[in-house]
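Here's the structure we're looking at; comments come further down.
Nothing in this text is a laboratory measurement; each read-out follows from the coordinates by a stated rule. Remember, it's a predicted structure, so these values are computed and weren't measured experimentally. Cβ: placed from backbone, ideal geometry, glycine included. Neighbour counts: every protein chain shown.
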Amino acid sequence: MDWLTTVDHKKIGILYLIAGGFFFLVGGLEAILIRVQLWGPQNDFVSASTYNELLTMHGTTMIFLAAMPVIFALLNAIVPLQIGARDVAYPFVNAIGFWTFLFGGLLLNVSWLTGSVPDAGWTSYAPLAGTTYGPTHGMDYYVLGLQIAGIGTLVGGINFLVTIINMRAPGMTFMRMPLFTWTAFITSALILFAFPALTVGLAALMFDRLFDANFFDPAGGGNAVLWEHIFWIFGHPEVYILILPAFGVISEVISTFSRKRLFGYSSMVFATILIGFLGFMVWAHHMFTTGLGPVANALFSIATMLIAVPTGIKIFNWLFTMWGGSIVFTSANLFAVGFIPTFVMGGVTGVMLAAAPADFQYHDSYFVVAHFHYVIVGGLVLGLFAGLHYWWPKMFGRALNETLGKLTFWTFFIGFHLTFFVQHFLGLMGMPRRIWQYLDGLGFNELNMISTVGAFLMGLGTIFFLINVVTTFMKPKNAPNDPWDDGRTLEWTIPSPAPEYNFAQTPLVRGYDAYWKEKQDGHTSMTPAEPIGPIHMPSPSILPFFMGLGLFIAGFGFMYAPDWGDVGPIESGHVIAIAGLGITLLCMLLRSVFDDHGFHIEEEEILKDMGGKA
């Protein structure tokens, strides 16, 4: 019940981590099945229709249900600690964000059990996603599941924006914020502006499917390319929503384990802002072959190449941070250092794809698959692994096993490059994306075999990580507040794991790398900005859980109700849809009617936690 009702950002971070980890395993299993099917020519391990379903669900699950929640896990666990806050700005809304995300993700994956699975590709292009080519409920699961999950992401992003703007400790100016908090801030701003575009697109697609509207149906005066614009106006900023927090993690980890201040802090901040800004100006580079014309193609080509500039600034700053540093190759740092050349490779192929004439050749080939996996897996996933190994002691009070961590890194890293490096050449040799089988004698056999072996190695690396997590949980919570001995930011000043109220006394920040600055001045802890007093905390609540559950039930009702356009007798589907929405609205009403004043943690308890010393 404690976990179902919690509004504590640290526990919600752990819930996001568990849910994201679960969906990561589901998406990984789908990827393994895809690679087994492509192991050899004309294989029939799965049918063509099942292959389409696996492909669609793998992409959708990994982007929306695995990568996003693990990012939110780190944001929840770390950002309030880094800015010296006691919680996020809206703890109740934070809980709503998690439960709506979880129930949206579950609704999408229930499709495997009902036999109607989304099969139009993770980008869900019209008219494939319409009722003409997708008459089953498969795409309804996609539309409604992502709408519900998207609510969670959107309110989470707004919450972190407000938290970072309003709840920084005294002295924590914007230009003293740790880089991870900066990337969280820009990511939250991108979520605020990008996710409504997806919401509008999904709503329009839902109207097309459930109510026979004609937004994307050319036969009824709609426009199929309109869906591509709407999807990629969200979809390209989404790439930066995913990768920017990884940039923040790498900045923290490399600085800590090089025993040096991050090189060029202010240029890193402005590069992050510029990446966020330019991320909205490049969406049509996914659409060079749709016939937008030479002017549009040229403009989007130039804007895409411009993003290489701030990204290059970051790469060089990380290298200069390591230059002359006293580098310690912990598991976290191995993932961070491995991230740099891998991400550069993904970036270089990105610049190749940004050249519109060349893109006509690369488009819809395995070259594109290799490119975006180098960015998302070689960038984001390596960044998340670095962050998890780095902050695990702060989240759970126990450090992960270093030997198993290094084993995870080498198997995953080598497996990753084996899987995706050869796919560049498959693409250049002419292997199209999203094909179920290929003929013998085209030169694809050996490279596909190598790619599949690499995928199994990545799976083995993930298993090593899970073994590490399980064995670590058997150990006592004995991590010190600063397990790496060179913690530079505020989260390393408090016990591991952090107490419910985070900081007994709000710290006074006197410079960038606040904790490191205090250590340089001979202090062992932060200077407090306030005396010890009772701390006001928000009350736990079961309402967010039921709000998510209500939307989950309503989703089923909308899908399985008979034709909504025909106002006939009320069927069970209508009743289920109305009941689900009713549960959610009733919870909102209860929250409004019953004033929740929270509770206080008294001075005696705080002093006891601190060992009696103020």
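Values computed for the structure shown
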| read-out | value |
| --- | --- |
| Cβ charges +1 (Lys, Arg) and -1 (Asp, Glu), total dipole of the chain, debye | 1640 |
| Residue-span extension gain [T290 to V575] - 0.36 nm each, minus C-alpha spacing | 98.3 nm |
| Inter-label distance, nm, simple model (7 Å from Cα along the C-beta direction), M610/D2 | 2.4 |
| Degrees separating the helix 402-428 axis from the principal Cα axis of the chain, which is the longest one | 30 |
| Whole-Å distance, taken between Cα centres, linking the stretch 353-430 and the stretch 108-172 | 23 |
| When the convex hull of its Cα atoms is projected in every direction, mean area for the stretch 66-189 (nm²) | 8.3 |
| Between helix 366-375 and the chain: long-axis angle, C-alpha atoms, 0 to 90°, nearest 10 | 10 |
| Estimated FRET transfer efficiency (T527, I463; beta-carbon r; R0 60 Å; 0.05) | 0.85 |
| Cα-projected label distance for T173 with L586, points at 7 Å along beta-carbon direction, nm | 5.3 |
| Distance between modelled label sites at K475 and D44, nm, 7 Å Cα→Cβ extension | 5.2 |
| Mean Cβ count within 10 Å, highest first, over the residues of peptides 76-84, 234-242 | 76-84, 234-242 |
| Residue list for the stretch 6-28, given a label point 7 angstrom along the Cα-to-Cβ vector of E602 and an amide N cut-off under 16 Å | none |
| Rounded to whole Hz, the Karplus (6.51, -1.76, 1.60) HN-Hα couplings of the stretch 12-18, x for glycine and proline | 5, x, 5, 4, 4, 5, 5 |
| The stretch 99-187: relative contact order in percent, alpha carbon pairs under 8 Å with at least 6 residues between | 35 |
| Alpha carbon centroid spacing (whole Å) that separates the stretch 326-349 from the stretch 188-210 | 34 |
| Burial ranking of peptide ranges 297-307, 375-385, 477-487 (average Cβ count within 10 Å, highest at the top) | 375-385, 297-307, 477-487 |
| Burial order of peptide ranges 87-97, 411-421 (average beta-carbon count within 10 Å, highest first) | 87-97, 411-421 |
| F277/F320 FRET efficiency (R0 25 Å; Cβ-Cβ; nearest 0.05) | 0.55 |
| Cross-link pairs beyond the 28 Å C-alpha cut-off, checked among K260/K406; K406/K517; K314/K477; K477/K608; K11/K314; K11/K519 | K406/K517; K314/K477; K11/K314; K11/K519 |
| Pairs of alpha carbons in the stretch 261-322 whose separation is greater than 17 Å (percent) | 48 |
| Using alpha-carbon coordinates, inclination of helix 445-473 to the longest axis of the chain, degrees | 30 |
| Helix-only mean residue ellipticity at 222 nm for the chain, each DSSP H run of n ≥ 4 adding -39500 (n - 2.57), per residue, nearest 500 | -21500 deg cm²/dmol |
| Which of S49, H574, S326, positive extreme of dipole for the chain (C-beta unit charges) | S326 |
